1. So which residues in the stretch 116-128 are more than 11 Å from the ligand (Cβ to nearest atom), more than 12 Å from residue 59 (Cα to Cα) and part of a helix (DSSP H, G or I)?
2. Considering only the stretch 96-109, I want to know if a residue exists there that is in a helix (DSSP H, G or I), in contact (Cβ under 8 Å) with a residue 12 or more places away in the chain and among the acidic types (Asp, Glu).
3. For the stretch 65-92, enumerate the residues that are more than 6 Å from the ligand (Cβ to nearest atom), part of a loop (DSSP other than H, G, I, E, B), exposed (fewer than 15 other Cβ atoms within 10 Å of the Cβ) and touching a residue at least 24 places away in the same chain (Cβ under 8 Å).
4. From the list 109, 105, 85, 69, which residue is touching a His at 6+ places or on another chain (Cβ under 8 Å) and at pLDDT 95 or above?
5. Only residues that are surrounded by 15 or more Cβ atoms within 10 Å (Cβ to Cβ) and not small (Gly, Ala, Ser): list them for the stretch 123-137, please.
6. Working only within the stretch 93-106, note down all residues that are loosely packed, with under 12 Cβ neighbours inside 10 Å and within 11 Å of the ligand (Cβ to nearest atom).
7. Read through the list (1) modelled with pLDDT under 95; (2) within 30 Å of residue 131 (Cβ to Cβ); (3) aromatic (Phe, Trp, Tyr), then give the number of the only condition that residue 115 fails.
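The values are calculated or read from the model by the stated rules, or taken from the named source; none is laboratory data. Please read these numbers as outputs of a predicted model, since none were measured by experiment. When we count neighbours, we look across all protein chains shown, and the Cβ atoms used for this are built from the backbone with ideal geometry, even at glycine.
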Amino acid sequence: MAKLGCRKSGPRPTLGGREALPGARTGVAARPSGWTARAVLLTAALVTTTAFAADTLDTNALKRLVHQDCGSCHGLSLKGGLGPDLRSETLEHYEAEVLTSVILDGIPDTAMPPWRPLISVEEAEWIARYLLEPEAP
Ligand code: HEC
């Protein structure tokens, strides 16, 4: 009898559980909007970062790129290796615009790769000017 009484009082937590269900549904409904909000925030952060990168160039990172990545083919001191000498005295007959397009699009049918997928136009322009500076590399 006492056990039955216990069972009778049992449904109350069940009802409480059922009452909790609409709350759980709200929770489920809230999740997608939470993810959407996060996705929007992430997109906004990425857009901001890209805009920032275009406005203020990280010249130290670009110098590292020139000496390490370009240098892996052109020689660490850019005096030439697989690729030709990139020192300013060798390149001085080039316009900065020509160098910029060589950097962005590479030289077809040679090992000189296009950098457009990796760097912005502004960064390529900066590298071209940097290579032409007499005191630079
Ligand atoms: C995978 C190797 C490789 C990498 C990495 C590389 N280059 Fe080159 N680059 C070459 C080769 C090879 C040539 C010569 C192509 C030819 O035969 O005309 C060349 C040519 C050039 C030229 C033309 C030089 C001239 O006198 O005509 C420039 C400028 C140049 N590279 C700049 C760069 C810059 C700046 C970077 C880094 C952002 C870079 N390269 C990275 C291989 C490379």
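1. Scanning the stretch 116-128 gives a single hit, 121.
2. Yes.
3. Hits for the stretch 65-92 are 77, 92.
4. Only one candidate qualifies: 85.
5. Within the stretch 123-137, 123, 125, 126, 127, 130, 131, 132, 137 qualify.
6. 93
7. Failed condition: (1).
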